[in-house]
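K.L.:
Before we start, here is the structure in question, set down as structure tokens.
Each reported figure results from applying straightforward, stated rules to the coordinates on display, with no laboratory input. This is a predicted model, so every value here is computed, not measured. Note that we place each Cβ from the backbone using ideal geometry, even for glycine, and neighbour counts take in every protein chain shown.
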Amino acid sequence: MITGEYILGCLALGTGLAMDAFSVSLADALREPHMKKGRMLGLAGTYGLFQMAMPFVGWFLVERAGRFLGAVQQYFPGVACVLLVLIGIKMIREGLEKRKMPESVTDTNTLSLSLLLLQALATSVDALSAGFAFGSRGILQVFGGCGIIGGITFLICLGGLLLGKKAGEHLAWKATILGGGILIFLGVKILLKGL
């Protein structure tokens, strides 16, 4: 049975888990300040979908392969850090190129699908561990909790995209460098939190 206390707990968990995705959404919009509404919904939806799926995968693995997952869980923060730092460095390089030739760059610097999926994976790795918190709950409770986490992530990321878009329009090439810096900072933070 899904109680009000369970829903509040999932909302709090989802909000906490969404903060990394919020930061990356902000960086995405800084990189691409003229992003259209449909694309913004797609990006926020991707982050929400990953944040929704990962706790379910974590719960399923605990049910089926708990010992194996416990052994590899220690590597999750390092993998997330490497992915985000590499993407951040790439964004900083792109920002420096924009600075040298600002007239040649409009919004050709859009986020590719493969890069979006890497970012979504990197920011949702901790949500995999959150699936352990569902413990022995029934599948309907787990689906409900994962849905809440995904929904709150979608809304928070949409807010990050709107905020980043507004700032990116004013900052020009500096926005891409700032976005890259945010990703590098976030990657290091995830690594330090995991140690």
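K.L.:
For the chain, take the longest principal axis of its alpha carbons; what is the angle in degrees between that and the long axis of helix 139-171, to the nearest 10 within 0 to 90?
P.N.:
So the inclination is approximately 10 degrees.
K.L.:
Calculate for the chain the 222 nm mean residue ellipticity that helices alone would give, adding -39,500 (n - 2.57) per DSSP H run of length 4 or more and normalising by residue count, nearest 500 deg cm²/dmol.
P.N.:
Working: 6 runs with 162 residues, N = 195.
It lands at -29500 deg cm²/dmol.
K.L.:
For a protection proxy built on the mean count of beta-carbon atoms within 10 angstrom, sort 21-28, 136-143, 49-56, 121-128 highest first, please.
P.N.:
On the way: 21-28: 27.0, 136-143: 13.4, 49-56: 22.9, 121-128: 24.5.
Descending mean neighbour count gives 21-28, 121-128, 49-56, 136-143.
K.L.:
May I ask you to order 77-84, 186-193 by the average number of other C-beta atoms within 10 Å around their residues, highest value first? Kindly include the intermediate steps, with their values, before the conclusion.
P.N.:
Details: 77-84: 20.0, 186-193: 18.2.
Ranking, from highest mean packing down: 77-84, 186-193.
K.L.:
Then there is this: For each pair in Lys36/Lys100; Lys37/Lys193; Lys166/Lys193, compute the distance between the two Cα atoms and list the pairs where it is over 32 Å. Working shown, then result.
P.N.:
Working: Lys36/Lys100 26 Å; Lys37/Lys193 34 Å; Lys166/Lys193 30 Å.
Where the Cα-Cα span goes over 32 Å, the pairs concerned are Lys37/Lys193.
K.L.:
Separate question: Along the stretch 27-40, what does the Karplus equation 6.51 cos²θ - 1.76 cosθ + 1.60 (θ = phi - 60°) give for ³J(HN,Hα), rounded to whole Hz, x for Gly and Pro?
P.N.:
Calculated HN-Hα couplings, in order: 5, 4, 6, 5, 6, 10, x, 9, 4, 7, 4, x, 5, 4 Hz.
K.L.:
Pop out the ³J(HN,Hα) list for the stretch 184-189 in order, Karplus 6.51 cos²θ - 1.76 cosθ + 1.60 with θ = phi - 60°, rounded to Hz; leave Gly and Pro as x.
P.N.:
5, 4, 5, x, 5, 4
K.L.:
Would you mind computing, in nm to one decimal, how far apart the modelled labels at Lys36 and Leu192 are, each placed 7 Å from Cα along Cα→Cβ?
P.N.:
Rounded to a tenth, the inter-label distance reads 4.0 nm.
K.L.:
Continuing with this model, one more query. Specify the angular offset, from 0 to 90 degrees and rounded to the nearest 10, of the alpha carbon long axis of helix 76-100 from the longest principal axis of the alpha carbons in the chain.
P.N.:
Once rounded, one gets 10 degrees.
K.L.:
Rank the residues Glu94, Glu32, Glu169 as a footprinting-exposure proxy: fewest other Cβ atoms within 10 Å of their Cβ go first. If you can, show how the numbers build up before the last one.
P.N.:
Details: Glu94 18, Glu32 24, Glu169 13.
The fewest-first ordering by Cβ neighbours comes to Glu169, Glu94, Glu32.
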